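Peer 1: Please read through the structure below; I'll follow up with questions.
The values are calculated or read from the model by the stated rules, or taken from the named source; none is laboratory data. Note that the structure is a prediction, hence the values are computed from the model and not measured. Note that we place each Cβ from the backbone using ideal geometry, even for glycine, and neighbour counts take in every protein chain shown.
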Amino acid sequence: MQSSSRSAAIAAELRDDILRGQYRSGERLPSERDLAERYGVHRGAIREAMKRLEQLGIARTGPGGARVAPIHEASLDVVQHLIDLEDPPDPNVVDQVIEVLGGLFSNAARLCAERATDEQRVEIHRILARAKGELPADERAAVIEELGDLFVEASGNMVLKLVRRGVRTDFMEKMTSRRPELLTPFSPTELHFKELAIAIDLQNGPAAAEAVHQIILEIRRHAIDSIINERKRLQIERPSS
């Protein structure tokens, strides 16, 4: 157990070094012997650490040792590690995550408007009524997640459900728990929620997708502005600390 935890710690350190660009794509990582000496462990622990990097898709082991793999070939699990790499996180990474989840959310809303049952439409209106009210940032994020889950369920698309599960990360939860000020005060325009409710009633898929797209744009703008402002504030404070 101790060896496994040590391997995990070594893998995490090497993973972060790779994600920070200290090792470039295609570059050879230090040898097992060099890493074993650096960390004071047996080479078996290093091999286990390398397996973890391979499973994440950011390293490949072959003749001559391990090399860094292109980041775009990594598994989706790497997204959360990219977000956790900095605090506050890299705004570009967060923006790209919201962009992808937003596209998924919009498509699910379109299919939902066209395919939802009467019972599901009633539930959607109930959730929308909560979303329009005054809520703390973490509760509002939870409501939007709940709405997204219902959209995906109502779509009846099995592949969409699998994709939703595959790309979903808990970065919003981590951001609101560690730095709630990054998402407050966030209040999407009530007009977009009204347009979404009307589109659901009229079974107008394109209109539902556009309403969700506008909501996601507001989320992106607020989240990124908040992160950038927080990073600037920390830069100002650090020299005097």
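Peer 1: So, Glu48, is that one of a type in the set (Asp, Glu), out of contact with any Pro (no Cβ under 6 Å at 6 or more places or on another chain), within 20 Å of Ser75 (Cβ to Cβ) and surrounded by 18 or more Cβ atoms within 10 Å (Cβ to Cβ) or not?
Peer 2: yes
Peer 1: While we're here: Specify which of the listed residues (Leu111, Leu53, Leu82, Leu104) is assigned by TED's automatic domain parsing to the domain that holds Ile10 and in contact with a helix residue (DSSP H, G or I) (Cβ under 9 Å, 6 or more places away or on another chain).
Peer 2: Going through Leu111, Leu53, Leu82, Leu104 in turn, the sole match is Leu53.
Peer 1: Any chance segment 82-94 includes a residue that's more than 17 Å from the chain's Cα centre (by Cα) and aliphatic (A, V, I, L, M)?
Peer 2: So far as segment 82-94 goes, no, none of its residues is more than 17 Å from the chain's Cα centre (by Cα) and aliphatic (A, V, I, L, M).
Peer 1: Quick check on Gly156: is it farther than 22 Å from Val93 by Cα, at pLDDT 75 or above and in contact with an Asp or Glu (Cβ under 6 Å, 6 or more places away or on another chain)?
Peer 2: Against the criterion (farther than 22 Å from Val93 by Cα, at pLDDT 75 or above and in contact with an Asp or Glu (Cβ under 6 Å, 6 or more places away or on another chain)), Gly156 does not qualify.
Peer 1: What's the number of the condition Ser7 fails, among (1) part of a helix (DSSP H, G or I); (2) closer than 30 Å to Ser226 by Cα; (3) of a type in the set (Ser, Thr, Tyr)?
Peer 2: Tallying (1) part of a helix (DSSP H, G or I); (2) closer than 30 Å to Ser226 by Cα; (3) of a type in the set (Ser, Thr, Tyr), Ser7 fails exactly one: (2).
Peer 1: Then there is this: Cβ-Cβ below 9 Å, separation at least six or inter-chain, first residue in segment 67-81 and assigned to a helix (DSSP H, G or I), second among the aromatic types (Phe, Trp, Tyr): which pairs?
Peer 2: Filtered contacts from segment 67-81: Val79/Phe171; Gln80/Phe171.
Peer 1: Give segment 107-121 a look and list any residue that's assigned to a helix (DSSP H, G or I) and among the polar types (S, T, N, Q), or say none.
Peer 2: Asn107, Gln120
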